[in-house]
Each structure stands twice: as structure tokens, then as C-alpha cells.
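The values are calculated or read from the model by the stated rules, or taken from the named source; none is laboratory data. Note that this is a predicted model, so its numbers are computed, not measured. We place every Cβ from the backbone using ideal geometry, glycine too, and count neighbours over all the protein chains shown. SASA here: full protein model, heavy atoms, side chains in, ligands and nucleic acids out. Shrake-Rupley method; radii C 1.70, N 1.55, O 1.52, S 1.80 Å.
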Amino acid sequence: MACVLEAPLRMSVLSEVTASSRHYVDRLFDLDPQKVLQGVMLLYLLQQETSSTELRTECAVVLGSLAMGTENNVKSLLDCHIIPALLQGLLSPDLKFIEACLRCLRTIFISPVTPEDLLYADATVISHLMALLSRSRYTQEYICQIFSHCCKGPDHQTILFNHGAVQNIAHLLVSTSYKVRMQALKCFSVLAFENPQVSMTLVNVLVDGELLPQIFVKMLQRDKPIEMQLTSAKCLTSMCRAGAIRTDDSCIVLKTLPCLVRMCSKERLLEERVEGAETLAYLIETDVELQRIASITDHLIVMLADYFKYPSSVSAITDIKRLDHDLKHAHELRQAAFKLYASLGANDEDIRKKIIETENMMDRIVNGLSESSIKVRLAAVRCLHSLSRSVQQLRTSFQDHAVWKPLMKVLQNAPNEILVVASSTLCNLLLEFSPSKEPILESGAIELLCSLTQSENLALRVNGIWALMNMAFQAEQKIKSDILRGLSTEQLFQLLSDSDVNVLMKTLGLLRNLLSTRPHIDHIMSTHGKQIMQAVTLILEGEHNIEVKEQTLCILANIADGTTAKELIMTNDDILQKIKYYMSHSNAKLQLAAMFCISNLIWNEEEGSQERQDKLRDMGIVDILHKLSQSSDPNLCDKAKTALQQYLA
């Protein structure tokens, strides 16, 4: 078995050692368990204090070579507890042995089969690795590489940050070794990602009298290797998204953004184009101005259309390796393009129009919705969601391409991550001006949305009820009845007692839309009146914010506008007392909403108005109206005067 030797070790020693350890190596991956046991001797030798340092170093080198083989090799090594053995080796005073152990650890940790948490199992390991950073350029390179591969998520970021990663790694950005600079840079790109604490710290770090953001900007320059430009752009992007650098700072607008757009061009390798587009999508995702600047930089919108042209037509590819490479990256390219289009079109109507007018764009999105790759499907749905915010496009392109069909298909059976975005998109397609609303209803959407309101996933509950609220807006009575039937009274109460205020507000919005236009109000209250009044009482008595109470009083005002429905209020003294209480509330919005209820109850032209007026006068409502007619709030004052006129007429 050939040995990959990276360290500058003396060859005479190596030839002896290799010969002595070769038979152990050959047996480590043998199918015969007895021989595997003998092969474990290699690890045993590595750990023996009595073995010579040269032999132990050679064992680490050979094990590192084995780890570069198949994933099964790495699994076998992990099963033999290679990581604790190598970590133990780091306590040796011999630098060459330490470097060999670190190189082997690096190879094992960058394998996809190695759990990152193995690095954090013993709290002393990180401290020791930080201490070893100063030993040599090899220890710096390998340790930074281990950190950047094993830093997955906020918990790992916090551990490394608390162990002084920023201070210990910052000066490596000006190392004379390119590999060290690059690995240090990669470390910062994973440490800062979605981490405000790290990002805010980085912004003030000085290295050789220069602030880190300035060092990152230098690494962005066109004369630097592409890998370095991209990774620096990722660092600056994370710092910008965390609020450590302003979005209008010249290092973002004039340096980072143009660099990332450059990475999307045809001249770049496919993997660079993927990373460039994904990073740019993240940079501009929430900032309108950056979206506008990006959209007019280097014809980006048209440039991205090229991402859909892989793999190139097979006849044009004679090289089978090239075809394999193109196929491998085709999914990633489409995913990246959809993500970037979604960010570009998040706010600006003109940009959305340009995206949709790009060649075959709607067809590409529709195809993307049914791709086998979950990541591509998710990115396509995100892109569709972004474009669905456009009133104009909902009326035209979305209708021309019957986008609702594949969207409904996606909603039938998808992971939650996709369901959340797809149901958000459906909310937009169900707005009253959208021509898709009708066919969506006919395709069984009510049942689907009612089932979403029962989801344990909060975002899905919100979207389910939001879509039903949009569906009920100015809808015909049959649709409203179908919604109420689909939801069931029990589920409605469940939603009204949901701990999340968004779910509660959208449910109240749904009730308000259901209870609009008199015939509908009277019909719904004749079948569900008791339960609805119960729900209203529950909320007005509960500990809720002003917006929730205002929305509930508006529902009462709608009920009060019904012909027969208003009797449900007039015969409920508890509710009448609550309306009276809110007329004198300290919040003007609640006072106004309560006054709408009163106005609808006492309106002169309606049957039974005299009896209702008398009852309310006896309750002291007229006195409150007189008081409110003197209010300094013009809305309250006007509403009170209008109501009082009903008594005078």
C-alpha cells in the first residue's frame, strides 16, 4: 500500500518504519476480523510512549494516508477510536509528531462521515489546539482547517469564540503562507455566518494596525486568487447581514457586491458561480437598495439565465468527465439562480418584471417545482413566492402559465420547509384580484388549507389561516360556508386560543371576512352565532394586546350590521357591557371600534331601532356619546356626533 508523505521526514528512518508497519496497514481493512485486530496494532503503536517518536510519527502519516481513501476507511478508523488516540498525540513535545497527528486529524474531520461533535467532546481539546496555533505554519494551516470544517451552527461558533478564536486566528490573515491565510479566512467565514456576536467583534479587530474589514477588502481584489476573493466576500456579507457593517458602506456597495456579481459570470468555474450567486442572494435578501444596485450590475438578471443551460447539449460534449461535472453541478446552479432571483425580486416591481421577461423564466420555475432535488424545488418555490408579491404578475404571467397547478401539487406532499414557502405563495394567489383564485378553489384548496391550520408547525398554521382569510375576502356565501364547515367549530376555537398572536390575528381576520355583507352575516350567525359570540366574549375578557381587541370589536361591529344577527348582541347583556366599557377605554382605537358597534345597533332606518336605542340609553350609552362628542380626537368626536344624530332623528 502506497504512503502519501507530506511532512519533510528523514527518508532513511521512513523506509525502515514503513516496512515494519506495512503488514499492520494491510490488515486494518481486511475482511477477516482476526486480521483487522492485528491491523489495530498500528493505532496501538501510535499510542505507545515506549515506541520511538519516528515510529509514532510514521504511524500517524500512514493512518492519514488511509483516511484519504474511501469513506469506509474513515469509518473503520473512527470505530477504532482514532480521534482520541490522535488528540492524545498532540500532548507530545515533538513538533513533527504533533504536525503528523494534526494532518491526520484534518483528513479525518473533513470526511463527511465524521461527526463534528467529536472535536468538542472534551472541553480541553479546543484550548490545547488554540495553544498549538503558534507552533508552526503547519499547525496553523491544519488547525484552522479543522475549525472551519467542524464549526457547524451557533453552538460550535460560541465555543470557538469563547476560546479566543478571533484573537488567535486574526494575525494569521497576514501570514507569509498563502495556505495559512486562506484557512484563517475560511475560519472567519464560518465563525461570522449568521452570528452577530462574532461579526460585531470582527469589525473592531486590528491586525498590524489595520482593521479586519480593510484586510478582507484587500483580499477581494481582482488580482487575488478566486477562492480568496469569494471567501473574503462571504466574511463581509456575514458582517453586513449581522448589522456590523452598514448596507450603504462603500466596502459593501463598491467592493463586496461587484465581486460577487463577477463570480456569477460565464468565465468562472461552475462551483464558483454557485457560491457567488448564493452569497449574493444572502447579501441583498433584505435590502431594497442593494437589490436595485445588483439588478443593474453587469447585466446580472440576463447572466443568471445561463445557469439553466447545464448540462450543455450532450453532442457538444465529447469529454465524458465534463458531462459528469456539468450534471453534478446542474442542480446546484439552478438552485443558486432561483435563490438569487428570489432575493432580487423581493421588493421592486420593475426588477420582478425584468426577471419574468427573462427567457422562459416562468417555464423554468414551473419545471423547478417538480424537480427531484428538494433543494431545487425549495429554491423554485422561494422564487415564485418573491414574484407572487407583484399584483401585475399575478394578473398576467402567473395566469398565463397556470402556476397554481404545480403549486397545488407541491402542497400535496412536501417537507415542511417547502410547505411553508409554498403556502405563503398560495396566500398571494388567493388575493381577491388574482385570477388564479377561482381554479385554486375548485381544486380542493379549502380542505388542504384547513388541514394546514392543524399543523404543529407555527408557520404552516399562520399560512393556512392567512390563505383562508384571503379566500374569504368578498367571497360568495357558498365558499364561506365551505370554509366554516372545513374548519369546524372546535378547530376555530383552537385557533382563537392559539398562543401565537399571528395565528389569533389571522383567525380574527378570517372571521371578519366571513362576517361581511348582510345576508352572509345573518346566514353565518344563524348557524354559528352561539359559538362566535362565545369566542368574542373569550377574547374580550382575555389578556390580549390592543390590536387583537380592536379586531374583535370590529367583528362585533360587523355582526351589529346584520339584520337578524344584531339581536345576538342586543340579547347579550354581557357583550353590551363590554362594548360600553371599551367606549370609555383609554385607547382611542378601541373606543372607535366600540362606537362602530353602537352606530350599527342604533341606526334609524332599520327595523327595531327605537327599542335598541331605548335599551342602550338606559345603559348610559347616550351619556358616554355626549362626553365623546367633546373629545379632542376628531375621529371620536365625529363618530359620537353622528351616533347622537340617530337619537335626534
State yes or no: is Lys179 of a type in the set (D, E, K, R), assigned to a helix (DSSP H, G or I) and under 21 Å from Ile143 (Cβ atoms)?
yes
Considering region 298-310, residues that are over 12 Å from Met263 (Cα atoms) and in a loop (DSSP other than H, G, I, E, B), and then whichever is most open to solvent (accessible area, probe 1.4 Å), we arrive at His299
Pair list, Cβ under 6 Å, 6 or more apart: region 480-508 residue at pLDDT below 95, other residue among the small types (Gly, Ala, Ser):
Lys480/Ala472; Ile483/Ala472; Leu496/Ala535
Among the numbered conditions (1) surrounded by fewer than 16 Cβ atoms within 10 Å (Cβ to Cβ); (2) among the aromatic types (Phe, Trp, Tyr); (3) assigned to a helix (DSSP H, G or I), tell me where Trp466 comes up short.
(1)
Candidate set: region 334-350, residues that are touching a Cys at 6+ places or on another chain (Cβ under 6 Å) and surrounded by 24 or more Cβ atoms within 10 Å (Cβ to Cβ); chosen: the one nearest to Ser390 (Cα to Cα)
Tyr341
Checking Thr139 against (1) over 12 Å from Met239 (Cβ atoms); (2) open to solvent by 10 Å² or more (accessible area, probe 1.4 Å); (3) among the hydroxyl-bearing types (Ser, Thr, Tyr); (4) assigned to a helix (DSSP H, G or I), the condition it does not meet:
(2)
Identify the single condition in (1) surrounded by 17 or more Cβ atoms within 10 Å (Cβ to Cβ); (2) assigned to a helix (DSSP H, G or I); (3) of a type in the set (A, V, I, L, M, F, W, C) that Leu327 does not satisfy, given that it satisfies every other one.
(1)
Identify, from the list Lys218, Lys234, the residue that is open to solvent by 10 Å² or more (accessible area, probe 1.4 Å), more than 26 Å from Arg106 (Cβ to Cβ) and either touching a residue at least 12 places away in the same chain (Cβ under 8 Å) or part of a helix (DSSP H, G or I) (or both).
Lys218
Looking at region 610-628, can you tell me whether even one residue there is closer than 24 Å to His520 by Cβ and either in contact with a helix residue (DSSP H, G or I) (Cβ under 6 Å, 6 or more places away or on another chain) or open to solvent by less than 70 Å² (accessible area, probe 1.4 Å) (or both)?
yes
Test for Gln551: is it within 16 Å of Ile624 (Cβ to Cβ) and open to solvent by 10 Å² or more (accessible area, probe 1.4 Å):
no
Every listed condition ((1) open to solvent by 20 Å² or more (accessible area, probe 1.4 Å); (2) more than 18 Å from the chain's Cα centre (by Cα)) holds for Arg382 save (2)
Within region 589-608, does at least one residue satisfy the condition of being closer than 22 Å to Phe493 by Cα, in a helix (DSSP H, G or I) and either small (Gly, Ala, Ser) or over 47 Å from the mean Cα position of the chain (by Cα) (or both)?
no
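Of everything in region 65-75, what is within 36 Å of the chain's Cα centre (by Cα) and crowded, with 19+ Cβ neighbours inside 10 Å? Give them in sequence order.
If the condition is that a residue be within 36 Å of the chain's Cα centre (by Cα) and crowded, with 19+ Cβ neighbours inside 10 Å, then Ala67, Asn73, Val74 are the ones that fit.
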Quick one: in region 372-420, which of the residues that are part of a helix (DSSP H, G or I) and among the basic types (Lys, Arg) is nearest to Leu333 (Cα to Cα)?
Lys375
